[in-house]
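Inspection log for the structure reproduced underneath, given as structure tokens.
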Amino acid sequence: MQFSFFPSRGLAIYMGKTFLTRCVAMLAMLVLVLQILDLLSEAGHVLAHPGNGEAELWRYVSLRVPQIIQTFLPFAVLLGTLITLTALNANSEVISMKAAGLSAHQILAPLVLVSAAIAVISFTFNERIVVRSVAALEAWEAAGFGTVPPDSGVKSNVWVRDGDDLFHADFIAGRGNAVTLRNITIYDRAGGNLVATMQAPRGRRDGNAWRLEDARRFDVARGKVERLGSVLVAPDIRPDQFTLASVEPESLSYWELGPAIAELKAAGRPTAALEAAQWHKIAGPLSAVLMPLLGAVAAFGVARSGKLFVRAVIGMALGFGFFVADNFALAMGDLGAYPPFLAAWAPFLLFLLVGETVLVQTEE
């Protein structure tokens, strides 16, 4: 038995190069097909703006392709794993390696090393290119694929926490003490239970508090509405807590997202979903390292037994099961059902254990 993970340099290079070329080929195929489908659905919207033509279509493609690469790179690594290992098994190369004394982990080691390099490249690519393309495309789409106007300073759908109470405004305009609010709703809570709601069509800063005009209060216990007129509320809420811009994690890098989360947390805004998204900026690219382990079931077993296709399907099912669990965990994190760290890392750790268990029980 050989105890080095890379007992043969030539064999490791051969398997690594074979795996890398398959991954690149799968990624190119996925990007080409998906970009064509996406362009067919969006070309009408791009060309609907007066003056847009072929140049704008190419601009859309240049902004969209990085996002497709980011999303489907782990899928490409999974497909590259299955194709590489299935071919090695069908050609009896895996049997030869095992006959030479290599363990299952030693056979997979070159693939894991290449996957780790892909994960590092993916993280760098996301931080340097994808976040910029997402921000540019979102601004362009918001402008109807026309000229992007300068920031108006108007914010919409803003939530602020005041102790146990929640303060919501549909529209915010201005800065400092000149901030004005529209369509305000205050949720008066005690011990996590809703006691009453207060609504007002407009509000403004008045001294150290907020003056609401034409306010109405609904008492939940009594089920009655009381007209309050002009009232002062929320003395502990600062104007900057309303004017902080909403944060889109897809358009911010890992290092930019951290300070933005800290500002929102200081303002009393909910940040659990953003914290999960920040953790996932590491866990997402790192999922490429899992794919050789989850697809390893396709490498072992005698090819002429007739079960090679079944093994490949099992490997694909494990890989896609991870992606389903990953999206489910992020959704639970958005809802607040999972803590941010768990929402980002639980699927990775779970399927790492699943993959290792399957490999050890069947091959080691």
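Quick test for you: out of SER251, SER230, SER287, pick the one residue that is surrounded by fewer than 19 Cβ atoms within 10 Å (Cβ to Cβ), among the polar types (S, T, N, Q) and touching a residue at least 40 places away in the same chain (Cβ under 8 Å). One residue alone meets the criteria, SER251.
The set of residues in segment 217-257 that are of a type in the set (Gly, Ala, Ser), within 24 Å of GLU138 (Cβ to Cβ) and at pLDDT 85 or above contains only SER253.
Among the residues of segment 176-226, which ones are in a strand (DSSP E or B) and touching a residue at least 60 places away in the same chain (Cβ under 8 Å)? The answer is LEU181, and nothing else. Pairs are defined by a Cβ separation below 7 Å, a sequence spacing of at least 6 or placement on different chains, a first member in segment 338-364 that is at pLDDT below 90, and a second member that is part of a loop (DSSP other than H, G, I, E, B); the pairs so defined are THR362/PHE300; GLU363/PHE300; GLU364/SER103. Checking PRO50, PRO74 one by one, the residue that is outside any helix (DSSP H, G or I) and either more than 25 Å from the chain's Cα centre (by Cα) or crowded, with 19+ Cβ neighbours inside 10 Å (or both) is PRO50 and no other.
Is segment 177-190 home to any residue that is modelled with pLDDT under 80 and not polar (S, T, N, Q)? Within segment 177-190, none of the residues are modelled with pLDDT under 80 and not polar (S, T, N, Q).
Does SER92 satisfy the condition of being free of Cβ contacts under 8 Å to residues at least 12 places away in the same chain and in the same structural domain as ILE13 (by TED's automatic domain parsing)? Before the answer, list the steps.
Working: free of Cβ contacts under 8 Å to residues at least 12 places away in the same chain: no; in the same structural domain as ILE13 (by TED's automatic domain parsing): yes.
Criteria not met by SER92.
For segment 324-363, which positions are acidic (Asp, Glu), under 16 Å from PRO292 (Cα atoms) and touching a Ser or Thr at 6+ places or on another chain (Cβ under 9 Å)? Once the filter is applied, which keeps residues that are acidic (Asp, Glu), under 16 Å from PRO292 (Cα atoms) and touching a Ser or Thr at 6+ places or on another chain (Cβ under 9 Å), segment 324-363 yields only GLU363.
The values are calculated or read from the model by the stated rules, or taken from the named source; none is laboratory data. Predicted model, so just to flag it, every value in this text is computed and none were measured. Cβ: placed from backbone, ideal geometry, glycine included. Neighbour counts: every protein chain shown.
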